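Quick note: the coordinates plus some simple rules give every number you see, no bench work behind them. Treat the numbers as computed from the prediction; the structure is a model and nothing was measured. Virtual Cβ from ideal backbone geometry, glycine too; neighbours counted across all protein chains shown.
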Amino acid sequence: MKRLILLIFVFSGFGAYCQVVSPDVGSTSDSLETQEVTNDVEADSVKAPLNLVFGFGVLPRHELVKLDFVKPPIRIVLGAVDLYKGIGLLGTYEWRKADVPYFENDPSVLSDRYSRFIFGPTYTIGPLTIYAQMDLFGKYGFFRSVGNNNSIVGSGRKALGATFDVYNGISFGLDFSSYAGVGLNVVYALPIKI
C-alpha cells in the first residue's frame, strides 16, 4: 500500500501547471503573460528501500521435543527481503541444549545439543513474504552429507513458510518442516535507503 501511494505521488508530479498573470489596468489583452511551472520528478530517483529482517521464533513441535530430548528449540531470524523485484534471502539459526544425549541419523555419534542453520530465497508480494529454506552446510546439511554412503545423504533440514506484515514492518511467520514440525516467528523489517 505504501508503494502504491508513493507511485501515485511520483506519477502525479509529471503535470504542467499554468497561471495567468492579471494585466495592469489600462493594458491590452496582448500583454497577458502566461507562466508555466513544471515539476520534474524522475521515476528512477525514488528507490524502494532495502528491508533488513531480524526476529526470533520457536519450534514447539520439533521431533526431538516429542521424544523428550530437548525443550523447544529457539530461533534467530536474519535476512534481507526485496533485494531485487521482491526477491530476497532469509537465514534462520536454531539451537537448544539437550536434556539427555541423543543421536541423530548416526547411532555411533551422540550429541548434547540441537543446532541447525537453514537459509534460502524469499519472494515478497505486498505484505506477504513466502520463503523456502534448507540446511546446506550444517553437520547433516546437504553438501556435508553427500558422499557419506549412508542414509543421511541430502537429508538436511528443509522448511517452507510465509510471513505476513501486520503493522509497520512487524510480521508474524509460520513455516513447516517434516522433521521440525511447525515453526513460529516474529520478525521486523527495517527499511534502509541505499
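Kindly write out, for the range 81-96 in residue order, the coupling ³J(HN,Hα) from the Karplus curve 6.51 cos²θ - 1.76 cosθ + 1.60 (θ = phi - 60°), rounded to whole Hz, with x marking Gly and Pro.
In residue order, the calculated couplings are 10, 6, 5, 8, 6, x, 8, x, 10, 9, x, 9, 10, 10, 7, 5 Hz.
Simple spin-label model, 7 Å along Cα-to-Cβ: A162 to Y188 in nm?
Distance between the two pseudo-spin positions: 2.5 nm.
How much net charge surrounds I118 when only the other residues with a Cβ under 11 Å from the Cβ of I118 are counted, with Lys and Arg +1 and Asp and Glu -1? Write out the running numbers ahead of the final one.
On the way: positive: R75, R116, R157, K158; negative: E94, D135, D175.
Net local charge, I118 excluded: +1.
Give the residue list of trypsin sites (Lys or Arg not before Pro) in the range 66-118 that are DSSP loop and have at most 13 other beta-carbon atoms within 10 angstrom.
Here the trypsin sites (Lys or Arg not before Pro) that fit, given the DSSP loop and packing criteria, are K85.
What nm distance separates the two modelled labels at I125 and L83, each placed 7 Å from Cα along Cα→Cβ?
2.1
Where the only charges are on Cβ atoms (+1 Lys, Arg; -1 Asp, Glu), what is the dipole of the range 72-126 about its Cα centre, to the nearest 20 debye?
That gives a dipole near 180 debye.
Fully extended, how many nm does the chain gain between L174 and D99 (0.36 nm per residue separation, minus their Cα-Cα distance)?
Stretched fully, the L174-D99 segment lengthens by 24.4 nm.
Quote to one decimal, in nm, the extra length available between V109 and L136 on full extension: 0.36 nm per residue of separation minus the C-alpha distance between them.
Between V109 and L136, full extension yields 7.7 nm more.
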